[in-house]
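The values are calculated or read from the model by the stated rules, or taken from the named source; none is laboratory data. Since we're looking at a predicted model, the values are computed, not measured. Neighbour counts run over all protein chains shown; Cβ positions are idealised from the backbone, glycine included. Accessible surface is based on the protein model in full, side chains and every heavy atom, while ligands, DNA and RNA are left aside. Shrake-Rupley method; radii C 1.70, N 1.55, O 1.52, S 1.80 Å.
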Amino acid sequence: MSKKFVLSRELKKFTQSQLAIPVFALLLLVVFNLIRDPSFFSISIKTNNMGNSVLSGNLVSILNGASELVILAIGMTLITSATKGQDISIGASAAIAGSVFVKILRANTITVPIILLALILACIVAILFCLMNGILIAKFNIQPMIASLILFTAGRPIAYWINGGATPNVESPLLSGLGGFIPGIPIPSPIIIVVIFIILIKLLLKFTNLGLYIQAVGINEKAARLNGINPMLMKMAVFLILGVCVTIAGSMNVCRIGLINHETILIDIEMDVILAVAIGGNSLGGGKFKLAGSVIGAYIIQTLTTTLYAMKVSSTAVKAYKAIVIILIVVIGSPVVKEAFQKLRNSLSGKKVVRI
């Protein structure tokens, strides 16, 4: 029996019910909003500042607003799986990538080739910083949260230094292709970028053994090594992917607002990203993962945020309400509650659970 077949069979058992809680939570939010305001998810066509007809509405705002969160949640899921911990420097890494992106754009006339060059250079820089975290974790066995704390502290000052201690702006209709709308297409471009990115990641994991090996390293690093898997290589691979994720998220955010502010770009997004992974049913202790769960978790957080603002909740109180709801979702999806529910279901059906 092949190694891939055995691991795949175990993963299939795990993922069968993993999406139940996040899907239920998302449906609950949808039903709540439909009851509170039947027009909450209505979509209309409006004309934006550039004279283009675009889609508008809360649903579009949710899908659009969660774009950076979804991309970062995918990267964090892989990091969590392989390293059994979380990288809390993703916001700072995105600030660095965004600063490099802006610096290249401001040094040249903004054209499509220059935008692509800026993205590539920003990606290289972001990957190098992410790999620095990867080396500390994979080579020196430092806990992920502690290792990334260095970049979490120093990352935004580095982003500030890259642009000479300023918060420069960038303006060009071409940049709307990353952060706004592409002329002639009514769907916000960040939504399109997210869909393309998810497809590429799914293809990467489907046609390679990368996802399987990442999970194997997270489940049991010693056993993975005995099966010919290089744990250090797998950990470095996930940080390389994270570098791409923070580049896309940082550059997208810059194009949304038209400037780079190292202090505010994707501020506090680390906690939302970690929560998205947890709400999606993925263990924060590493091992098996389900990317779909993290994506749904990201949209749950954004839907909750949009709902609270629609209910006229003040911005200062939004985080408190979000914390309460998210705690409930995480607790309901916890192993203890799942086990209690399973016992109740077995007792109602007359089945006996035998522990070995």
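Treating only the Cβ of Lys, Arg, Asp and Glu as charged (+1, +1, -1, -1), what charge dipole size does region 211-309 show about its Cα centre? Round to the nearest 20 debye.
In debye, rounded to 20, region 211-309 gives about 440.
Accessible area per residue of the chain at 1.4 Å probe, in Å²?
In whole numbers, the chain has 50 Å² accessible per residue.
Between residue 310 and residue 141, what length in nm is gained on full extension when 0.36 nm per residue of separation is reduced by their alpha carbon distance?
The span from residue 310 to residue 141 would gain 56.3 nm if fully extended.
Between residue 153 and residue 259, 0.36 nm times their residue separation minus their Cα-Cα distance comes to what?
The span from residue 153 to residue 259 would gain 36.0 nm if fully extended.
So what is the calculated 222 nm ellipticity per residue for the chain, using -39500 (n - 2.57) for each DSSP H run with n of 4 or more, over all residues, to the nearest 500 deg cm²/dmol?
Computed mean residue ellipticity for the chain: -23000 deg cm²/dmol.
Taking residue 322 as the anchor, which aspartates and glutamates have their alpha carbon closer than 16 Å to its alpha carbon, excluding any fewer than eight residues away along the same chain?
268, 270, 272
Let's see if you can work this out: charge +1 on each Lys and Arg Cβ, -1 on each Asp and Glu Cβ, no other charges. What is the dipole magnitude of the chain about its Cα centre, in debye to the nearest 20?
For this selection, approximately 1500 debye.
Divide the volume of the convex hull of the Cα atoms of region 108-218 by its number of residues and quote the answer in cubic angstrom per residue.
155 Å³
Please find, in a Gaussian network model of the chain (springs between Cα atoms separated by less than 10 Å), the residue of 132, 50, 236 whose mean-square fluctuation is greatest.
Among 132, 50, 236, the largest mean-square fluctuation in the Gaussian network model of the chain belongs to 50.
Can you give me the Cα centroid spacing of region 218-248 and region 130-175 in angstrom?
The two parts, judged by their Cα centres, are 20 Å apart.
Cα convex hull of region 64-107: mean projected area in nm², to one decimal?
The Cα convex hull of region 64-107, projected and averaged over all directions, gives 3.8 nm².
In nm, give the distance between the simple-model label positions of residue 48 and residue 209, each being 7 Å from the Cα along the Cα-to-Cβ direction.
4.5 nm
Given a 1.4 Å probe and every protein chain left where it sits, what share in percent of the accessible area of region 288-348 is carbon and sulfur?
Using a 1.4 Å probe with all protein chains present, region 288-348 comes out at 72 percent carbon and sulfur.
Which FRET efficiency value, to the nearest 0.05, is calculated for residue 182 and residue 267 with the Förster distance at 22 angstrom and r the Cβ-Cβ distance?
Efficiency, from the Cβ-Cβ distance: 0.20.
Run through all the Cα pairs of the chain and give the fraction in each 10 Å bin from 0, expressed as whole percent.
5, 23, 31, 25, 12, 3, 1, 0
Let me have the relative contact order for region 244-313, percent, based on Cα pairs under 8 Å that are six or more residues apart.
22 percent
Students often get this wrong, so check it: of 139/202; 139/235; 235/288; 139/206, which have C-alpha atoms separated by over 18 Å?
Checking Cα-Cα distances, 139/202; 139/206 exceed 18 Å.
Which one of 152, 340, 196 has its Cα pushed farthest toward the positive end of the charge dipole of the chain, where Lys and Arg give +1 and Asp and Glu give -1 at the Cβ?
340
Starting at the first residue of region 42-51, write each ³J(HN,Hα) from the Karplus equation 6.51 cos²θ - 1.76 cosθ + 1.60 with θ = phi - 60°, in whole Hz, x for Gly and Pro.
5, 10, 10, 10, 10, 9, 7, 4, 8, x
Among 25, 104, 314, which residue has its Cα positioned farthest towards the positive end of the charge dipole of the chain, with +1 placed on the Cβ of Lys and Arg, -1 on the Cβ of Asp and Glu, and the dipole taken about the Cα centre?
25
How large is the charge dipole for region 68-225, taken about the Cα centre, if only the Cβ atoms of Lys, Arg (+1) and Asp, Glu (-1) carry charge, to the nearest 20 debye?
Rounded to the nearest 20 debye, it is 360 debye.
For residue 181, enumerate residues with amide H under 5 Å from its amide H, sequence gap 5+ or separate chain, H modeled in the peptide plane.
Result for residue 181 returns 189.
Using r as the Cβ-Cβ distance of residue 230 and residue 323, and R0 as 45 Å, what FRET efficiency do you calculate, to the nearest 0.05?
About 0.70, to the nearest 0.05.
Using a Förster distance of 35 Å, how high is the FRET efficiency between residue 37 and residue 199, based on the Cβ-Cβ distance and rounded to 0.05?
Calculated transfer efficiency: 0.60.
Once you sort the root eigenvalues of the Cα gyration tensor of region 219-320 as a ≥ b ≥ c, which label holds: rounded (a/c under 1.5), prolate (a/b larger than b/c) or oblate (the other case)?
oblate
Between rounded, prolate and oblate, where does region 36-183 land on the alpha carbon gyration tensor, with a ≥ b ≥ c its root eigenvalues, rounded for a/c under 1.5, else prolate if a/b exceeds b/c?
oblate
Taking Cα pairs under 8 Å and at least six residues apart, what relative contact order does region 10-128 come out at, in percent?
It comes to 13 percent, rounded to a whole number.
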